[in-house]
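**Student:** This is the structure I want to talk about, given as structure tokens.
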Amino acid sequence: MGIQFYTQTKKETAASQEIENLIILGSGPAGLSAGLYAARAELSPLILTGMELGGQAAVTNVIENYPGFPEGIGGADLGALFQKQAERFGARVEMDSATSVDITKHPFTISTYSRQYKTKSLIITTGASPVHLGIPGESEFTGLGVSYCATCDGYFFRDKKVVVVGGGDSAIEEAIFLTRYAASVTVVHRRESLRAGAILQKRAADNPKINFIWNSIVKRIDGNGKVESLRICDVKTGAETILSTDGVFVFIGHQPNTQLFKGQLELSPAGYIVADMKMQTSVEGVFAAGEATDSIFRQVVTSAGMGAAAAIQAAKYLESQE
């Protein structure tokens, strides 16, 4: 029994020391596109999905501006197609999240909830998360009327009054989506005009269920067990009013999910990973793509392109190391 025990331990140790060619952190459009290109380069990439399979795109109801789908396609459906195509060529997808990363020496070490990995190269596509308002009542009522995903929670507000906070593309897209369920949608925006694209603005303006409160911010969220009202402040006059509502959807931007890399990679003041046009970061062998590094475009198509570019460069890097 003693010899058998020793043999098994030796095998397990050897397995734990296997070094991956490439690990991709994140499974949004950038991560899955990187996986596809890396797999076709016969790198057998390992994709660690993170907390959301498919990334933020997967919780978007309909994506109308991704090439090849003239009628639009559901975000989850598009993500599933991305994954299927990447796996067809040999990408491996693991439902796991990185808990710590050491890229100070080669090979890099990635620790997850289930195990530890070693890898020769790394592509970071960890994306970004919704920015919170940071006001009283927000955290208390999250899941009880406060939401950051209309696709996820819109159904629960059928025939209810809801508020959308924000004025960009995401806010207006979600406001329009919510009109499928809600009796009315009030958009609260801190400026006197929207930042969303012209087509979205027109759709919102033409929708009889949508109305606007301009030059205003939400100061607090109140209720009894669930959201019942918002305290709204006019940023020009300082006047405050109480707005009754059954729910509030917050779409005021995103924060890059790059906390694991602080002190190891060069980050912008806003926390985005600094990468050059070849998706190369400040550490050789580490590449970044998608919203973890893109604070400007933040589109499915641009993230996918960046992921492909990162994989191409990773393949070149690994070839140079050989």
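The values are calculated or read from the model by the stated rules, or taken from the named source; none is laboratory data. This structure is a prediction, so every number in the text was calculated from the model and none was measured. Quick reminder, even Gly has a Cβ in these numbers, built from the backbone with ideal geometry, and neighbours come from all protein chains shown.
**Student:** With respect to A150, is the statement that it is closer than 20 Å to G28 by Cβ and assigned by TED's automatic domain parsing to the domain that holds C233 true? Spell out the reasoning first.
**Tutor:** Details: closer than 20 Å to G28 by Cβ: yes; assigned by TED's automatic domain parsing to the domain that holds C233: yes.
Against the criterion (closer than 20 Å to G28 by Cβ and assigned by TED's automatic domain parsing to the domain that holds C233), A150 qualifies.
**Student:** On the given criteria, is P208 surrounded by fewer than 16 Cβ atoms within 10 Å (Cβ to Cβ) and outside the structural domain of R158 (by TED's automatic domain parsing)?
**Tutor:** On the way: surrounded by fewer than 16 Cβ atoms within 10 Å (Cβ to Cβ): yes; outside the structural domain of R158 (by TED's automatic domain parsing): no.
Criteria not met by P208.
**Student:** What is the residue count in the range 161-194 for residues that are part of a loop (DSSP other than H, G, I, E, B) and either among the acidic types (D, E) or under 24 Å from R231 (Cβ atoms) (or both)?
**Tutor:** Residues that pass the stated criteria total 11.
**Student:** Follow-up. E240 is checked against (1) within 30 Å of E140 (Cβ to Cβ); (2) touching a residue at least 40 places away in the same chain (Cβ under 8 Å) and fails just one. What number does that condition carry?
**Tutor:** All conditions pass for E240, except number (2).
**Student:** Among the candidates M51, M1, single out the residue that is outside the structural domain of T258 (by TED's automatic domain parsing) and modelled with pLDDT under 90.
**Tutor:** After ruling out the rest, the residue left standing is M1.
**Student:** How many of the residues in the range 215-226 are over 15 Å from L133 (Cα atoms) and assigned to a strand (DSSP E or B)?
**Tutor:** Number of matching residues: 1.
**Student:** Would you mind telling me which numbered condition in (1) part of a loop (DSSP other than H, G, I, E, B); (2) farther than 22 Å from L133 by Cα; (3) in the same structural domain as A288 (by TED's automatic domain parsing); (4) of a type outside the set (S, T, N, Q) L260 fails?
**Tutor:** (1) is the only condition that L260 fails.
**Student:** Regarding the range 276-290, can at least one residue be identified that is under 10 Å from A30 (Cα atoms), touching a residue at least 40 places away in the same chain (Cβ under 8 Å) and assigned to a loop (DSSP other than H, G, I, E, B)?
**Tutor:** yes
**Student:** Would you point out which residue out of R195, R203 is out of contact with any Leu (no Cβ under 9 Å at 6 or more places or on another chain) and surrounded by fewer than 17 Cβ atoms within 10 Å (Cβ to Cβ)?
**Tutor:** R195
**Student:** Another question about this same structure. Under 9 Å between Cβ atoms, which residue pairs at least 6 apart in sequence (or on different chains) link something in the range 72-91 that is exposed (fewer than 15 other Cβ atoms within 10 Å of the Cβ) with a partner that is among the acidic types (D, E) and part of a loop (DSSP other than H, G, I, E, B)?
**Tutor:** Partner pairs satisfying both residue conditions: G72/E64.
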